[in-house]
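Written below as C-alpha cells is the structure these notes are about.
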Amino acid sequence: MPRRNALILGTKNNHNSPAHYEQLAGLLVGPAELNVTVRDDYPAQTEESLAGFDLLVLWAADARPPFPQAAMEAVFATVRRGTPLLGIHGAAFNMGKAAGGPQAGGTAYQSPHLPVQEFTVHIDDRQHPITAGLEDFRIVDEPYRLDVVGDGVRVLCSFDAREAEQYTTPGRPGDVVAEVRGWSLRTPRAPVVYVKQLGAGTVCLNTLGHSPGALATPGFRQLVVQATTWLLEQGAGSGASSRWRVADESLTSSGG
C-alpha cells in the first residue's frame, strides 16, 4: 500500500528542536509509515498551501504575537472539507485560543498550563481504536488545562487535575495560583486525548509531547500511531483494517 502524505505544521520556537523532530518525524515516517513534509512557517499557511495532503499534523505552539488566526482558520477550513487533523501538544493552544477555535476544535485553552511534572494518563475509553491495547501510563510532560466546549467531543484519555502539582507564590501571582488551583480541584478528568467531527473531517487532539522525552514515551507513541491509522481511515472512508499491532516493538523507543 502506498505511503500516505502528512504535513507537519511547526513554528520557530522551543518545540521545533532537532531532538523534538527526531522523535516526532521519526515516529510518523517509521512506525506510522507516512511520507512527511515539515513546514516551520505555520503562521504563513493558507488553504491553498494546505491542500493535497492526506493528513495535517498541527505541532505549532507559539504565544508570541501576532496570533496566527488566519492560519488556524485555514486549517479548520481544510478539515471541514475532509482532511483529517492530528493536533499534538501546542496545537491545543492554537486551536483553543483562536477566535471560533474552541467551537471548531472542541476545547478552550486556559492559561497558564500546569507545571511540567510526572502524572498518570488515564485511558477513559478503551473501546476506541486510538486507545486499543493501552493501559494507564505515567509520563513527564506539561499538563494542559482544557475545558470541553459544545457537543460531539469524545474524550479518550484524561488526567486527574486534583492530584496535579500546583503553582505557588511567589513564583506566580496569588490570583493566578488561586484560579489554577480552583480549576484543578473541580477537574477530575482533564482532557488529554479526544476526537471530534468537524464538517467532513475528523480531529484528534493529543495534548502530550512537550519534550523529546515525552515524545519518546511508549504510551504517547502508541496513541499517535493508532491515531494516524484511525484518522486516515476516516478520511478515506474505506473502513480498512488497522495495520498496527499493539505489541509492535517499533512503538517503543529508548530516546529521551
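Computed from the coordinates by the stated procedures, all read-outs in this text should not be read as laboratory data. Computed from a predicted structure; not experimentally measured. Virtual Cβ from ideal backbone geometry, glycine too; neighbours counted across all protein chains shown.
Quick one: is Gly150 loosely packed, with under 14 Cβ neighbours inside 10 Å and closer than 15 Å to Gly106 by Cβ?
On the way: loosely packed, with under 14 Cβ neighbours inside 10 Å: yes; closer than 15 Å to Gly106 by Cβ: yes.
Considered against the rule, which asks whether it is loosely packed, with under 14 Cβ neighbours inside 10 Å and closer than 15 Å to Gly106 by Cβ, Gly150 comes out as yes.
Of all the residues that make up segment 119-147, how many are among the hydrophobic types (A, V, I, L, M, F, W, C), in contact (Cβ under 8 Å) with a residue 60 or more places away in the chain, outside any loop (DSSP other than H, G, I, E, B) and more than 15 Å from Tyr109 (Cβ to Cβ)?
Filtering segment 119-147 down to residues among the hydrophobic types (A, V, I, L, M, F, W, C) leaves 119, 121, 123, 130, 132, 134, 137, 139-140, 146.
This time we only want the ones that are in contact (Cβ under 8 Å) with a residue 60 or more places away in the chain, so: 121, 130, 132, 134, 137, 139-140, 146.
Add one more test, that the residue is outside any loop (DSSP other than H, G, I, E, B), and what stays is 121, 130, 137, 139-140, 146.
Subset that is more than 15 Å from Tyr109 (Cβ to Cβ): 121, 130, 137, 139-140.
Of the residues in that region, 5 qualify.
Run down Tyr194, Tyr167 and say which single residue is of a type in the set (Phe, Trp, Tyr) and part of a loop (DSSP other than H, G, I, E, B).
Values: Tyr194 fails: part of a loop (DSSP other than H, G, I, E, B).
Being of a type in the set (Phe, Trp, Tyr) and part of a loop (DSSP other than H, G, I, E, B) holds for just one of Tyr194, Tyr167, which is Tyr167.
Can you find a residue in segment 201-211 that is surrounded by fewer than 15 Cβ atoms within 10 Å (Cβ to Cβ) and either touching a residue at least 40 places away in the same chain (Cβ under 8 Å) or not in a strand (DSSP E or B) (or both)?
At the first step, the residues of segment 201-211 found to be surrounded by fewer than 15 Cβ atoms within 10 Å (Cβ to Cβ) are none.
Within segment 201-211 (the criterion being surrounded by fewer than 15 Cβ atoms within 10 Å (Cβ to Cβ) and either touching a residue at least 40 places away in the same chain (Cβ under 8 Å) or not in a strand (DSSP E or B) (or both)), the answer is no, since none of the residues qualifies.
Ala60 fails exactly one of the following numbered conditions: (1) out of contact with any strand residue (DSSP E or B) (no Cβ under 8 Å at 6 or more places or on another chain); (2) crowded, with 22+ Cβ neighbours inside 10 Å. What is the number of that condition?
Only one criterion in (1) out of contact with any strand residue (DSSP E or B) (no Cβ under 8 Å at 6 or more places or on another chain); (2) crowded, with 22+ Cβ neighbours inside 10 Å is unmet by Ala60, namely (1).
Under 6 Å between Cβ atoms, at least 6 apart or on separate chains: pull out the pairs that start in segment 1-27 with a residue that is within 16 Å of His210 (Cβ to Cβ) and touching a residue at least 12 places away in the same chain (Cβ under 8 Å) and end on any residue that is in a helix (DSSP H, G or I) and not hydrophobic (A, V, I, L, M, F, W, C).
Thr11/Tyr42; Ala19/Pro212; His20/Pro212; Gln23/Pro212; Leu27/Arg221
Please find, within segment 76-92, the residue that is surrounded by the most Cβ atoms within 10 Å (Cβ to Cβ) out of those that are more than 22 Å from Arg221 (Cβ to Cβ) and in contact with an Asp or Glu (Cβ under 9 Å, 6 or more places away or on another chain). Lay out the reasoning, then the answer.
So the first thing to find is which residues in segment 76-92 are more than 22 Å from Arg221 (Cβ to Cβ), and the list is 76-83.
Retained after the next criterion (residues that are in contact with an Asp or Glu (Cβ under 9 Å, 6 or more places away or on another chain)): 77-78, 81, 83.
Numbers: Ala77: 17, Thr78: 25, Arg81: 13, Thr83: 22.
Filtering segment 76-92 for residues that are more than 22 Å from Arg221 (Cβ to Cβ) and in contact with an Asp or Glu (Cβ under 9 Å, 6 or more places away or on another chain), the one surrounded by the most Cβ atoms within 10 Å (Cβ to Cβ) comes out as Thr78.
Give the residue that is farthest from Ala91 (Cα to Cα), with candidates limited to residues of segment 153-165 that are touching a helix residue (DSSP H, G or I) at 6+ places or on another chain (Cβ under 7 Å) and crowded, with 17+ Cβ neighbours inside 10 Å.
First, pick out the residues of segment 153-165 that are touching a helix residue (DSSP H, G or I) at 6+ places or on another chain (Cβ under 7 Å): 156-157, 161-162, 164.
Going one step further and asking which of them are crowded, with 17+ Cβ neighbours inside 10 Å, we end up with 156-157, 161, 164.
Working: Leu156: 17, Cys157: 17, Ala161: 20, Ala164: 22 Å.
Applying the filter and picking the extreme gives Ala164.
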